[in-house]
Structures are given as C-alpha cells and as structure tokens.
Amino acid sequence: MSTENTQVAEVKDRDKGAITYQVAGQDVKLSYQIVRDFLTKGNGQVADQDLTQFISICKYNQLNPFLNEAYLVKFGTAPAQMIVSKEAFMKRADANENYEGMKAGIIVQRDNQILELEGMFYLESDKLLGGWAEVYRKDRRFPIISKVTLQEYDKKQSTWNEKPSTMIAKIAKVQALREAFPAQLGAMYTQEESGTTIDIDHEEVRDKEIKSQANKQKLDFENIPEAELVSGEEHQDSIKDKPSF
C-alpha cells in the first residue's frame, strides 16, 4: 500500500463511527478512536459494538463525556460498562416536562428506632443503615421510591469511609431516577453502583487529545474528495471554538 493510501486509511480509521451533536449549545464530537484513546479505562479491548452503543447513548441523552458525564470501563473479557455521573441523571430528569422534584436522605438506627432522615446529617451515636429517595412526576399518582442498604454497596474504600452517608444517598437517588425515567436512564449506571474505582482526569484527557492532533502532520491529498479528509488545522480550529473539547 502506498504512503498516500496509508494516510487516507489512517484518516478514515480515526473518524470511524464519528458523530457530532450539541450539548448546551456546544458541539461534541465522538468517534471510535476518541472513545478508545481518551474515554475508556481498564485493561480490556472494547469492541466496535460497545463503542457504537456508548456514542449513541451519549448522543441520545446529550451527555458530554469531556465534562465528566460519561465514560467506558472494560476489564479483560467482562462486558464493557458505561459509567455516568449523578449530575447526568439530574440533567436528564430536569429536561423531562413531567419531573416534579425529589426528596432524599439516609436511613439510620437510633436506639431502638429505624429513622428515615432527610439530607445526609446524622448523629455520631446513630448507626447508618442505608439511603432513600423519592422522585415525583406530574403524570404519576404516587412517587417512585428507592431504599438501599449501606452493606450492599459499601466498598470499604476511602470515599465510602469518609462520606458514607453522601455515597449511599447518591445511589438511592440515581436508582429512583432510573426507575422514574426508564426510557432516558434505563441503560445508564453510576460509578458507585458498578463498584468501579477508576477516575478519569478530564483536563488531562482534553490536553492529550489536543496534543495528539497538534502533532499530526498536515496531509495534502489533492485527488481525494473533501468529505473524506480531516486536516490537522481544521481539527485544531474546532478545538479552539468548542469548549466541550
């Protein structure tokens, strides 16, 4: 294969599965290569099917992975997991015209009583047992209620040790939201639910993506249709004009 054909193949591969959509008035561009290089964590190899599903869900739910709203996790031969932030759940709920708000808190044992407290404050003498949440919809007669136990989700890791009430209440919230809005949130799970402990530095992701494109040599293909080409300069212009990258 000639050098020119090799370069064309690289350009096409880099934009395989590419989709551009808007989030809060800003363009977000995702492709198989972008998701593989910058938005996937773990030691497994994600399949094109996983990437297609991830990109499609991000587009449908108007999620911006570069703002820490979603990413993929793949370990070994285990199925790939799409991880979504609690803020993304709240964003989708707020966008639904039937959403009427939420109440949430924690479940504690105080002496011989089991209490459901609003918020995350509890006494040092209380025993934290779990979290609860109620989501209200205009088109439902009764609220959607979620109650979860601390024992089921506590990973005994630093964040859970430091903020157990915040963590368990967060799980109750996202589970209630998912049940209340299954069409919008049915395929999405948070890091706390999945047990995933990988963190993504999204500022580093943006810097790496910009640097990798900035170091690309500009390609000049006179005989190739413009629709098949993406020059380094055009990509850099898009990065400068689009804060979501």
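Read-outs throughout are calculated quantities, based only on the coordinates presented, and are distinct from any laboratory measurement. Predicted model, so just to flag it, every value in this text is computed and none were measured. Virtual Cβ from ideal backbone geometry, glycine too; neighbours counted across all protein chains shown.
Report the calculated FRET efficiency for F75 and N161 (r = Cβ-Cβ distance, R0 = 30 Å), to the nearest 0.05. The calculated FRET efficiency here is 0.80. What FRET efficiency comes out for the pair M90/N112, r = Cβ-Cβ distance, R0 = 35 Å, nearest 0.05? The calculated FRET efficiency here is 0.45. Couplings for region 71-86, taken from phi via the Karplus curve 6.51 cos²θ - 1.76 cosθ + 1.60 with θ = phi - 60°, read 7, 9, 10, 9, 10, x, 9, 5, x, 5, 10, 8, 9, 10, 7, 4 Hz in order; Gly and Pro are left as x. Listed cross-link partners K59/K91; K74/K163; K91/K173; K41/K91 are compared with a 21 Å cut-off, the Cα-Cα value being larger for K74/K163; K41/K91.
Put simply, the amide H of K41, placed in the peptide plane, has neighbours under 5 Å in L72, V73, K74, leaving out anything fewer than 5 places away on its chain. Enumerate the calculated ³J(HN,Hα) couplings along region 53-69 in order (Karplus 6.51 cos²θ - 1.76 cosθ + 1.60, θ = phi - 60°), each rounded to whole Hz, writing x wherever the residue is Gly or Pro. Each residue's phi maps through the Karplus curve to give 5, 4, 5, 5, 5, 4, 5, 4, 9, 6, 9, 10, x, 7, 10, 6, 8 Hz.
Distance between the 7 Å Cα→Cβ label points at K16 and T149: 4.6 nm.
Relative to its residue count, region 89-186 spans a Cα convex hull of 101 Å³ per residue.
Selection among S125, A169, F89 by position relative to the dipole of region 89-186 gives F89 as farthest towards the positive end (Cβ unit charges, Cα centre). Using R0 = 30 Å, the C-beta based FRET efficiency linking D37 and K138 works out to 0.10. Amide hydrogen proximity for E100: with H placed 1.01 Å from N in the peptide plane, the residues at 5 or more positions away or on another chain lying under 5 Å are Y136, R137, K138. Its Cα centre serving as origin, region 89-186 has a Cβ charge dipole (Lys and Arg +1, Asp and Glu -1) of approximately 300 debye.
Take 139-148, 82-91, 124-133 and order them by the average number of nearby Cβ atoms within 10 Å per residue, most first; the result is 82-91, 124-133, 139-148.
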